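As structure tokens, the structure follows; a few thoughts come after it.
Rule-based calculations on the coordinates, nothing more; no lab input. Given the structure is predicted, the values throughout are model-derived calculations rather than measurements. Here the Cβ is made from the backbone with ideal geometry for all residues, glycine too, and neighbour counts use every protein chain on show.
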Amino acid sequence: MQTLLVTGPGGAGRSTVAAATALAAAREGRRVLLLCGPDADPFPDPVPGLRVTPVDSGQEFRTELAALQERGAALIGMLGGRPLGTEELTELPGAEQFALLRALRRAAAAPATDLVVADMPPLHQAVATLALPAQLRRYLTRLLPAERQAARALRPVLAQLAGVPMPAQWLYETAARWDEELAAVQAVVEAPTTRVRLVAEPGPAADTALRTGMLGLALHELRTESLVANRLVPADAAAAHPWAAGIAEQQRAFLDAWAGPRLPVHEIAHLGRDPRSTDDLAALNAARDLAPGPAPAPGAGWTVEDRLADDGVLVWAIPLPRARKSELDLIRRGDELLVAAGPHRRIVPLPPALRRCTVSGAALTDGALRVRFTPDPRLWPRER
């Protein structure tokens, strides 16, 4: 099964392209599940092979918080609190991201499904959402390390004496449950069959947003499947109207800049109206190339190059296409490396060999940040 995450700069038409992609795949005979907003079902009539699942973040929030209150009822009572009623619960900021991640986890386990197409938030928010499971798991591990659960044998006795579950035990059990759920979502996001499809209307603003967003995708090792250039001015319209010719020329200039072997570009002409029907969505696939192909084998990713014999260093290559030196930063913290690229940050554990080295420099070359590590004589095994 494949998962295709459709995102792009705000207003680029990503929801429309997600629906058109799902329709194209279903008409090729695949069993498709489309995840979309609660009020965004784009198909007024059933489409064979296509199921639409709205993601209702408000309902998800109420259900999850009610369950959390139920599990912590004893602790709430001990503290003199009163549980909130369902009718009192209004979703908080961030609820949409968590609801979408849970929906992705459920969709990945859905039976009789060949392709999941997810209508994601705008690009910058989508990157943050997809990075969230790994980030939260790291926070849980640092703040509530499982090995620090002291006096486990005494907890049942203490709980019996107090008459309620001990807060620490409840807290650790909740953290373990959250970690398990986050791990399941992270497995879906990082699976080789999960890819990101970008949608943009060619122009200077979109180019800036794409560069920054793709930097974040690369930093978090999220695979990009293709770029859909949306709302292109048709050739006949450009020939008939001088103002349209100027827009078409600008679009073509950015299309030429975006084209490349590493990122296929699909072109969608402007219909002259907002797509409203199934026929309109089908018309967007005039080139018959919106249905995603088979997922390719995973790339090399972040690789460590052994240059000890020649230069006395190990080099960790981090692909960051279109990155600029001025927006990059590195911080070594113990056995972890913090990498900042523009507005995006990621903390990654060092490979075992690099933990016995010191960072001796870095350079941005050929679209990759190459971090040099020099073996620490105190930790590196000596040759005999």
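Okay, here's what the table says:
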{"quantity": "For the chain, built as a Gaussian network whose Cα springs stay under 10 Å, the top-fluctuating residue of Asp280, Asp114, Asp311", "calculated": "Asp311"}
{"quantity": "Debye, to nearest 20: dipole size of the stretch 35-152, +1 on Lys, Arg Cβ, -1 on Asp, Glu Cβ", "calculated": "900 debye"}
{"quantity": "Kirkwood hydrodynamic radius over Cα pairs of the stretch 303-375, then Stokes diffusion coefficient at 10 °C and 1.306 mPa s, in µm²/s", "calculated": "127 µm²/s"}
{"quantity": "Cα-projected label distance for Ala253 with Ala205, points at 7 Å along beta-carbon direction, nm", "calculated": "1.7 nm"}
{"quantity": "Net lengthening on full extension, Asp306/Ala353 (0.36 nm per residue, minus Cα-Cα)", "calculated": "15.9 nm"}
{"quantity": "Proximal charge balance of Val6 [Cβ under 11 Å; K/R count +1, D/E count -1]", "calculated": "+1"}
{"quantity": "Placed amide H near Leu337: partners under 5 Å, 5+ positions off or other chain", "calculated": "Val348, Leu350"}
{"quantity": "Spin-label pair Thr53/Thr365, simplified geometry with 7 Å Cα→Cβ offset, distance in nm", "calculated": "4.7 nm"}
{"quantity": "Summed side-chain charge close to Asn285 - residues other than Asn285 whose Cβ falls under 12 Å, Lys, Arg +1, Asp, Glu -1", "calculated": "-3"}
{"quantity": "Size of charge dipole - the chain - debye, nearest 20, with Cβ of Lys, Arg +1 and Asp, Glu -1, no other charges", "calculated": "1380 debye"}
{"quantity": "Simple spin-label estimate for Asp41 and Glu327 in nanometres, 7 Å along Cα-Cβ", "calculated": "4.0 nm"}
{"quantity": "Positive dipole terminus of the stretch 1-62, leading residue within Leu35, Val52, Leu5 (C-beta point charges)", "calculated": "Leu5"}
{"quantity": "Around Val199: net Lys/Arg minus Asp/Glu count, Cβ-Cβ under 11 Å", "calculated": "+1"}
{"quantity": "Computed [θ] at 222 nm, deg cm²/dmol, the chain (DSSP H ≥ 4; -39,500 (n - 2.57); rounded to nearest 500)", "calculated": "-12500 deg cm²/dmol"}
{"quantity": "Cα lying deepest toward the dipole's positive end in the stretch 303-375, options Ala341, Leu320, Leu308, charges on Cβ", "calculated": "Ala341"}
{"quantity": "Within the chain, percent of DSSP bridges classed antiparallel, to nearest 5", "calculated": "55 percent"}
